[in-house]
Amino acid sequence: MKKRGWIFVGCSLFLIALFLFIQWNPFLLEQPKIIPPAQTSNILTKLKQVSDEKGKINYLILGDSVALGKGAEIGAGYGLYVQEELEREWLHVELDNQGVSGQTSSELREMIRKPELEQKIRNADLINITIGGNDLIKSALDQGNWLQALSEFASIQAQYNENIGAILDHLRSLNDTAPILMTTLYNPISTEEIYYPLTEKLLQKWNTGMRKISSQFPEVTVIEVASLFQKAKKDWLADEIHPNEYGYRLIAKQIVEQIRREI
């Protein structure tokens, strides 16, 4: 046989052997697994999906006078500014502010069980809560003694934490999909006041408890505003307690940043 013929036979035998080897080793035919890049998402992405489906976003605000917007010139609070920023993302946002001036966590706990408000909660696509500032204040007013109220701080906070747990539990029983954003409490006391260090320490403890309770529920985020005001470069208060328009814009900015934050 000529040399060329031997080369042909040799190549043929090699290809047949390779074919048989692959047939007996099916793992060689498997495509390598491609690991997709980690998917990032945020609350804004979810809201856009809801908007595509419903044509709008129902934005519900619950809580006290800060939630309501007391102190702002136009009386709208942070909700209006959050709405404006979300509409810059081409979302149609319907704002429903159910804040009540002077409301405590115990009163909010009762309020959300009213049938009309329960329906609003079911229909909500985004929920904001600001509550707790009146719990300690009302205790002091009822007793007519700030020192007595401070001495009972632990029991007041324990009741607040119980109320927050009950509020979030009820909200989630009515609506298990809408993101819930809770703002921390802030310290309106001037740093120059002699009792500022004590109030700051108690405030931090209060907000830590809020975070701990909130972490037990899905899609509940605590928005840090306490440190935000400490860094403010100009006056952010309208009176001794409530933010002015600038203060509410700072809160709104912090809320919107959380909505846009990748998770």
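Our coupling estimate for the stretch 222-233, obtained by passing each phi through the Karplus curve with A = 6.51, B = -1.76, C = 1.60 and θ = phi - 60°, is 8, 9, 7, 10, 4, 5, 4, 6, 5, 8, 4, 8 Hz, Gly and Pro reported as x.
The residue list Thr208, Trp236, Gln258 was ranked by how far each Cα lies along the charge dipole of the stretch 160-263 toward its positive end, using unit charges on Cβ atoms, and Gln258 comes out on top.
By how many nm would the segment from His92 to Tyr195 grow when fully extended, if each residue of separation counts as 0.36 nm and the alpha-carbon distance is taken off?
So the extension gain works out to 32.5 nm.
Remark: the stretch 239-253, residue by residue, has Karplus-estimated 3J(HN,Hα) of 8, 6, 10, 8, x, 8, 4, 4, x, 5, 5, 5, 4, 4, 4 Hz, where x stands for each Gly or Pro and the curve is 6.51 cos²θ - 1.76 cosθ + 1.60 at θ = phi - 60°.
Backbone phi angles across the stretch 209-220, fed through the Karplus curve with coefficients 6.51, -1.76 and 1.60 (θ = phi - 60°), yield HN-Hα couplings of x, 4, 4, 4, 5, 5, 5, 7, 10, x, 6, 10 Hz in residue order; Gly and Pro are listed as x. In this structure the amide hydrogen of Leu237, modeled in the peptide plane, comes within under 5 Å of the amide hydrogens of Asn244, none closer than 5 places in sequence on its chain. Distances between placed amide hydrogens fall under 5 Å for Gly77 paired with Ala72, all partners being 5 or more residues away or on another chain.
Checking the Cα-Cα distances for Lys54/Lys253; Lys70/Lys120; Lys56/Lys120 against a 20 Å cut-off, the pairs over it are Lys54/Lys253; Lys70/Lys120. What percentage of the solvent-accessible surface of the stretch 165-263, computed with a 1.4 Å probe over protein heavy atoms, is contributed by carbon and sulfur atoms? The value for the stretch 165-263 is 53 percent carbon and sulfur by accessible area. Note on Lys233 and Gln119: their simple-model spin labels are 4.8 nm apart, each label 7 Å out from Cα toward Cβ.
The values are calculated or read from the model by the stated rules, or taken from the named source; none is laboratory data. Being a predicted model, the structure only gives us computed values, none of them experimental. With ideal geometry, Cβ positions are generated from the backbone for all residues, glycine too; neighbour counts draw on all protein chains shown. Note: accessible area is taken over every heavy atom of the protein model, side chains too, but ligands, DNA and RNA are not part of it. Shrake-Rupley method; radii C 1.70, N 1.55, O 1.52, S 1.80 Å.
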